[in-house]
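Data block below; observations after.
The values are calculated or read from the model by the stated rules, or taken from the named source; none is laboratory data. Note that the structure is predicted; figures quoted are calculated from it, not measured. As a convention, Cβ positions derive from the backbone with ideal geometry for all residues, glycine included, and neighbour counts pool all protein chains shown.
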C-alpha cells in the first residue's frame with residue numbers, strides 16, 4: 001500500500017510540475033505549483049520527515065505561493081499567446097532530460113540506493129528534536145530568518161510601486177489618445 005501511495009503522489013507531483021510550466025494562465029500555473037508543493041510534502045510525510053513536510057506547506061505553499069498570487073493579481077497579468085519554443089530550447093531540454101535519466105540509471109546501476117544504506121544513515125537525535133529546531137531558529141539563525149522576511153517585504157513593496165507606475169502610464173496614455 002505505501003508503494004501505491006508513493007506512485008500516486010509522485011504522479012500528481014510530476015503532473016502538476018508539468019502544469020506549472022505548460023499553463024498559459026499565470027494563476028493556474030501558480031495553483032499547479034501549490035499542488036506540486038503539497039505532493040512533495042506528502043512524500044516527505046511518507047519518509048517520516050514531518051517537520052520538513054510542515055515547513056514546506058507553511059513556508060512555500062503558504063507564503064511563497066500566496067506572494068506569487070498576490071503579485072500576479074496585483075500586476076493584472078493576462079495570459080496571452082506565448083511564442084513557440086525555439087529549436088535550440090527543445091534540443092537543450094532534450095539533452096538535459098537525457099542526462100538526468102542517464103544519471104539516475106548510473107546511480108541505480110551502481111547499487112548505491114538500498115534500504116540498508118538508508119537505515120544506516122540515521123540522523124543524530126539532535127536533528128529529530130523539534131525543540132532544538134526552534135532554539136536554533138530563534139538564536140543562531142535569527143538574522144537570516146529576519147533578512148528573508150525583510151526581502152519578501154521589499155519585493156511586495158516593489159510590486160506595488162511597479163503596478164502603480166504601470167497604472168499611471170496607462171491613464172496618461174489613455175488621456176493623451178483622447179485629446
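Key figures for this structure:
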{"quantity": "Any hit, segment 71-86, residues being closer than 22 Å to residue 2 by Cα and either at pLDDT below 80 or in the same structural domain as residue 27 (by TED's automatic domain parsing) (or both)", "calculated": "no"}
{"quantity": "Qualifying residue in segment 6-23 (condition: in contact with a helix residue (DSSP H, G or I) (Cβ under 8 Å, 6 or more places away or on another chain), assigned to a loop (DSSP other than H, G, I, E, B) and surrounded by 14 or more Cβ atoms within 10 Å (Cβ to Cβ))", "calculated": "yes"}
{"quantity": "Residues within segment 89-113 that are modelled with pLDDT under 70 and surrounded by 10 or more Cβ atoms within 10 Å (Cβ to Cβ), tallied", "calculated": "1"}
{"quantity": "Pairs, first free of Cβ contacts under 8 Å to residues at least 60 places away in the same chain in segment 130-143, second surrounded by fewer than 12 Cβ atoms within 10 Å (Cβ to Cβ), C-beta under 6 Å, six or more apart", "calculated": "132/126"}
